[in-house]
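K.L.:
Let me begin by handing over the structure; questions about it come next.
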Ligand SMILES: Nc1nc2c(ncn2[C@@H]2O[C@H](COP(=O)(O)OP(=O)(O)OP(=O)(O)O)[C@@H](O)[C@H]2O)c(=O)[nH]1
Ligand SMILES: [Mg+2]
């Protein structure tokens, strides 16, 4: 079974829990506890594969959070970065997160390929109070090789589901790429033997 770990990150009150709960239960309940973090587990049949999906919905109160951002960046295979289209400061926060995820130190540590990431402009139902344009979101995503969508956790279920499925698909594509780039056990052993004995033979 494939493990897929997703982290849902973003500013306070942007709708991280609402999106996660919408995806897992297809429901919007309006108010979500924000004083603890959750890792949800879901078994999923995806394109003929059995997946063990874990979704981390962080706690917005730093003193109560067990996961630090650094740990989270190494834990997750994919990221859902959320901002609220009616709150410009949440867009700046999302931008800072994307920079952090794409910065070389973070991406070099464990990854042979870039992490899958989707930038989500949530609360699209509040477009009469919009502070962040669709084009701005699209540009930020394009510049940093992310998927992008605007949606409403409050009003849309299918769109939320499609967004999560897309990032899961990207995670799986990345793990296939990683497999391809990693030399197989027998090949790397052969290379090692060749290096040791091959060099010796030359020097005799
Ligand atoms: N209008 C509207 N409100 C939303 C939407 N999504 C979430 N909300 C509301 O925004 C508020 C915050 O939602 P949460 O899901 O708790 O946001 P969060 O990012 O998990 O918040 P923290 O955990 O406190 O950082 C709640 O009152 C939700 O009902 C949406 O799509 N549209
Ligand atoms: Mg929350």
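K.L.:
Scan the stretch 10-65 for residues that are touching a strand residue (DSSP E or B) at 6+ places or on another chain (Cβ under 7 Å), near ligand 2 (Cβ under 10 Å from one of its atoms), more than 22 Å from residue 92 (Cα to Cα) and not in a loop (DSSP other than H, G, I, E, B) and jot them down.
P.N.:
Of everything in the stretch 10-65, just one residue is touching a strand residue (DSSP E or B) at 6+ places or on another chain (Cβ under 7 Å), near ligand 2 (Cβ under 10 Å from one of its atoms), more than 22 Å from residue 92 (Cα to Cα) and not in a loop (DSSP other than H, G, I, E, B), namely 38.
K.L.:
Can I ask one more? All but one of (1) in a helix (DSSP H, G or I); (2) out of contact with any strand residue (DSSP E or B) (no Cβ under 8 Å at 6 or more places or on another chain) hold for residue 163; which doesn't?
P.N.:
Going through (1) in a helix (DSSP H, G or I); (2) out of contact with any strand residue (DSSP E or B) (no Cβ under 8 Å at 6 or more places or on another chain) one by one, residue 163 breaks only (2).
K.L.:
Same structure, new question: Could you look through the stretch 25-43, keep only residues that are surrounded by 15 or more Cβ atoms within 10 Å (Cβ to Cβ) and over 16 Å from the mean Cα position of the chain (by Cα), and pick out the one that is nearest to residue 158 (Cα to Cα)?
P.N.:
28
K.L.:
Which one is nearest to residue 8 (Cα to Cα), of the residues in the stretch 119-152 that are assigned to a strand (DSSP E or B) and within 16 Å of ligand 2 (Cβ to nearest atom)? Working first, answer last.
P.N.:
Applying the first criterion (assigned to a strand (DSSP E or B)) to the stretch 119-152 yields 119-122, 147-150.
Going one step further and asking which of them are within 16 Å of ligand 2 (Cβ to nearest atom), we end up with 120, 122.
On the way: 120: 10, 122: 12 Å.
For the stretch 119-152, the residue satisfying everything is 120.
K.L.:
Can you work out which of the residues in the stretch 66-103 that are part of a loop (DSSP other than H, G, I, E, B) and touching a residue at least 24 places away in the same chain (Cβ under 8 Å) is nearest to residue 147 (Cα to Cα)? Break it down stepwise before answering.
P.N.:
Within the stretch 66-103, the first condition is being part of a loop (DSSP other than H, G, I, E, B), and the residues that meet it are 66-68, 76-77, 85-87, 103.
Then drop every residue that is not touching a residue at least 24 places away in the same chain (Cβ under 8 Å), which leaves 66-67, 76-77, 85-87.
Numbers: 66: 28, 67: 25, 76: 17, 77: 15, 85: 16, 86: 20, 87: 20 Å.
It comes out as 77.
Here, each number is a calculation from the coordinates, and none is a lab measurement. Given the structure is predicted, the values throughout are model-derived calculations rather than measurements. Please note: Cβ atoms are built from the backbone with ideal geometry, for glycine as well, and neighbour counts cover all protein chains shown.
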